[in-house]
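The structure under discussion appears below in the form of structure tokens.
Nothing in this text is a laboratory measurement; each read-out follows from the coordinates by a stated rule. This one's a predicted model, so the numbers in the text were calculated from it and none came from an experiment. All Cβ positions, glycine included, derive from the backbone under ideal geometry; neighbour counts span all protein chains shown.
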Amino acid sequence: MSLRKTGFHWETQAMVWLEQQGLSLCQRNFHCRQGEIDLIMHDQDTLVFVEVKYRSRTDFGSAAELITWHKQQRLIRAAGFFLVKNPKYSQLPCRFDVIGIEASAGTDGEEKFIWLKNAFDLS
């Protein structure tokens, strides 16, 4: 499976999982010059910018540990651009979440979803 198809697959899994947690989709794969946001969702009255990371192995760190300071800055800039382009959302509280999906160590084949709410802020 190509990297693009793999990424789309796990973003879909994260979206479905978040919807099961009560969030609703606003937009998927928002692209701009500043960066890309995997999922933009509503958590009641909060707009949530979600980065999805999948790891088949955790030898070199968890999925959530892949969100570097530079990646955070790109996400923040992209979110700012999204809010400028979509002013109807500009008055909503916002947060940045990370969904880490890690392959299960067992034989059941189930993935482990790790949801880091408010994973980083605008600093």
Report ³J(HN,Hα) in whole Hz for each residue of the range 83-94, in order, from the Karplus equation J = 6.51 cos²θ - 1.76 cosθ + 1.60 where θ = phi - 60°; Gly and Pro get x. 5, 5, 6, 10, x, 5, 9, 5, 8, 7, x, 10
Cβ crowding within 10 Å averaged over residues, with 21-32, 44-55 ranked highest first: 44-55, 21-32
